[in-house]
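Heads up, the thing below is written out as structure tokens.
The values are calculated or read from the model by the stated rules, or taken from the named source; none is laboratory data. Bear in mind the structure is a predicted one, so any value in this text is a computation, not a measurement. Positions of Cβ are generated from backbone atoms using ideal geometry, with glycine treated the same way; all protein chains shown enter the neighbour counts.
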Amino acid sequence: MPKLSAITDNPHENRFNEKIGVLVTNLGSPDAPNAPALRNYLREFLSDPRIVELPRALWWLILHGVILRVRPSRSAKAYASIWTEQGSPLVQITQDQCSKLSALLKEQNYDNVEVVMAMRYGNPSIKSGLEALRAKGITNIVVFPLYPQYSSATTGSTFDAIANVLKTWRWVPSLSFINGYHKQPSYVTALANSVQEHIDKHGLPEKLLFSYHGTPKRFLDNGDPYHCFCHQTTRLVCEQLKLDKDKVMTTFQSRFGREEWLQPYTDVTLKELASKGVKEVAILSPAFSADCLETLEELEEENRDYFMEAGGETYHYIPALNDRDDHLQALFDVLKPYLR
Ligand SMILES: C=CC1=C(C)c2cc3[nH]c(cc4nc(cc5[nH]c(cc1n2)c(C)c5CCC(=O)O)C(CCC(=O)O)=C4C)c(C)c3C=C
Ligand SMILES: [Fe+2]
Ligand SMILES: [Fe+2]
């Protein structure tokens with residue numbers, strides 16, 4: 001039994017209220033784009049058994065003996081190329097989403113709802129987010145991870161982090177957990193709108209790629225629904241836009257390590273398309289509710305170079321839904337049933 005945290009600051013009658021707390025979460029970023037910050041962040045991230053499922057002792061040796069010696073400085077360079085005055089794009093955009101969601105809730109007369117942001121890894125932590133809600137006397141919490149397509153590595157891991165904090169609380173709150181929303185019609189519409197706006201501006205590309213963050217293929221083989229939910233997302237958007245199947249591909253990016261990941265790989269596909277004479281692609285990444293390292297650096301920069309160097313001529317990245325109004329409407333629609 002973990003040691004239960006004590007609260008002694010004020011009397012119980014003042015701390016109990018009717019409010020609902022929404023803890024909006026995303027993956028998280030390092031505190032700064034430098035090697036020491038990356039070492040801390042990657043240590044936390046890559047020690048998560050939902051992310052790397054190897055036997056713990058073996059993985060500890062690889063992680064501490066090799067990866068945390070080599071990767072932090074490499075990743076720091078990549079983060080430095082996307083860092084802004086406000087810090088990490090992912091954290092800043094998630095904060096903007098929270099502010100807009102909070103305003104939307106007030107506009108719709110949900111005066112009893114408080115929105116707080118937390119990150120699965122790094123800061124602000126899940127622990128600090130839950131404690132902020134507890135400090136407001138909230139005993140009814142909705143956890144809302146901004147991962148549209150469920151995966152054990154992301155949504156499942158967020159659940160673990162919540163449970164790890166709450167198991168140290170004496171007074172455990174009422175809890176709802178939103179485990180995905182890829183079929184939410186207004187989410188599909190927001191994605192379709194973002195693609196349609198691109199088509200209105202630049203015309204229909206020769207190929208439209210839906211590139212999702214990958215996972216080891218083993219996850220799929222062991223029953224993780226993520227791969228299927230990604231394909232379903234592509235299909236729903238294409239049905240809404242009446243896009244010809246031949247125009248569209250679903251691919252997977254951001255491989256890590258040596259084992260096979262979900263295929264087809266985005267980088268390999270882009271090189272193959274260019275070598276087969278495809279000159280123009282547009283690419284979107286619906287698994288990311290906010291632009292982040294994996295879109296701004298990997299898709300906007302690295303994969304663009306692969307395509308162009310292999311003979312491609314036009315490469316467009318369609319931004320994540322970020323704080324678009326239709327995206328906020330979709331998030332509100334997902335949340336609404338939990339606010340009764
Ligand atoms: C090691 C295995 C990894 C798995 C499995 C994985 C799954 C996964 N990740 C996201 C979303 C994001 N990942 C991001 C960065 C990132 N991902 C991994 C590794 C795995 N991800 C690493 C090591 C990193 C850090 C960067 C690096 O060193 O390359 C990010 C970006 C965060 C940011 O700060 O911008 C996101 C978002 C999903 C959706 C997913 C499985 C479905
Ligand atoms: Fe990742
Ligand atoms: Fe990456």
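Listed values, structure above:
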{"item": "All positions within the stretch 45-62 that are in a helix (DSSP H, G or I) and within 16 Å of ligand 2 (Cβ to nearest atom)", "result": "PHE45, LEU46"}
{"item": "Single residue of ASP323, ASP291, ASP333 found to be more than 16 Å from ligand 2 (Cβ to nearest atom), within 25 Å of GLN92 (Cα to Cα) and in a loop (DSSP other than H, G, I, E, B)", "result": "ASP323"}
{"item": "Residue that is away from ligand 2 (no atom under 16 Å from the Cβ) and surrounded by fewer than 19 Cβ atoms within 10 Å (Cβ to Cβ), where the choices are PHE177, PHE210", "result": "PHE177"}
{"item": "Pairs where the first residue, in the stretch 26-37, is in contact (Cβ under 8 Å) with a residue 24 or more places away in the chain and the second is away from ligand 3 (no atom under 15 Å from the Cβ) and charged (D, E, K, R), C-beta under 6 Å, 6+ apart", "result": "LEU27/ARG120; GLY28/ARG120; ALA37/ASP31"}
{"item": "Qualifying residue in the stretch 199-217 (condition: in contact (Cβ under 8 Å) with a residue 40 or more places away in the chain, away from ligand 3 (no atom under 16 Å from the Cβ) and over 23 Å from LEU270 (Cβ atoms))", "result": "no"}
{"item": "Test: residue in the stretch 193-200 that is assigned by TED's automatic domain parsing to the domain that holds CYS228, under 19 Å from the mean Cα position of the chain (by Cα) and in a helix (DSSP H, G or I)", "result": "yes"}
{"item": "Some residue of the stretch 144-155 being more than 17 Å from the chain's Cα centre (by Cα) and either more than 16 Å from ligand 3 (Cβ to nearest atom) or free of Cβ contacts under 8 Å to residues at least 24 places away in the same chain (or both)", "result": "no"}
{"item": "Where a residue in the stretch 234-247 is among the polar types (S, T, N, Q) and its partner, wherever it lies, is at pLDDT 95 or above, with Cβ under 7 Å and at least six apart", "result": "THR234/PHE210; THR234/VAL248; THR234/THR250; GLN240/VAL188; GLN240/THR189; GLN240/ALA192"}
{"item": "Residue satisfying all of: in the stretch 251-264; part of a loop (DSSP other than H, G, I, E, B) and buried (at least 20 other Cβ atoms within 10 Å of the Cβ); modelled with the lowest pLDDT among these", "result": "SER254"}
{"item": "Any hit, the stretch 270-285, residues being in contact with a Leu (Cβ under 8 Å, 6 or more places away or on another chain), within 14 Å of ligand 1 (Cβ to nearest atom) and closer than 24 Å to ILE67 by Cβ", "result": "no"}
{"item": "Per-region count, the stretch 86-101, residues surrounded by fewer than 18 Cβ atoms within 10 Å (Cβ to Cβ) and closer than 12 Å to PHE144 by Cβ", "result": "0"}
{"item": "Scope the stretch 110-124; condition touching a Lys or Arg at 6+ places or on another chain (Cβ under 8 Å) and either without any contact (Cβ under 8 Å) to a residue 40 or more places away in the chain or assigned to a loop (DSSP other than H, G, I, E, B) (or both); matching residues", "result": "ASN112"}
{"item": "Condition broken by PHE307, with the remaining ones in (1) in a helix (DSSP H, G or I); (2) in contact with a Gly (Cβ under 9 Å, 6 or more places away or on another chain); (3) farther than 30 Å from ILE141 by Cα; (4) aromatic (Phe, Trp, Tyr) satisfied", "result": "(2)"}
{"item": "Test: residue in the stretch 278-286 that is touching a residue at least 24 places away in the same chain (Cβ under 8 Å), within 16 Å of ligand 2 (Cβ to nearest atom) and among the acidic types (Asp, Glu)", "result": "no"}
{"item": "Top-ranked residue in the stretch 278-306 [being surrounded by fewer than 24 Cβ atoms within 10 Å (Cβ to Cβ) and closer than 16 Å to MET119 by Cα; ranked as nearest to ligand 3 (Cβ to nearest atom)]", "result": "LEU293"}
{"item": "LYS3 vs. criteria of a type in the set (D, E, K, R) and part of a loop (DSSP other than H, G, I, E, B)", "result": "yes"}
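Residue-by-condition table, conditions (1) under 23 Å from the mean Cα position of the chain (by Cα); (2) within 30 Å of ASN179 (Cα to Cα); (3) modelled with pLDDT under 95; (4) among the hydroxyl-bearing types (Ser, Thr, Tyr):
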position: MET249; (1), (2), (3), (4): yes, yes, no, no
position: THR266; (1), (2), (3), (4): yes, yes, no, yes
position: GLY277; (1), (2), (3), (4): no, no, no, no
position: LEU293; (1), (2), (3), (4): yes, yes, no, no
position: GLU298; (1), (2), (3), (4): yes, yes, no, no
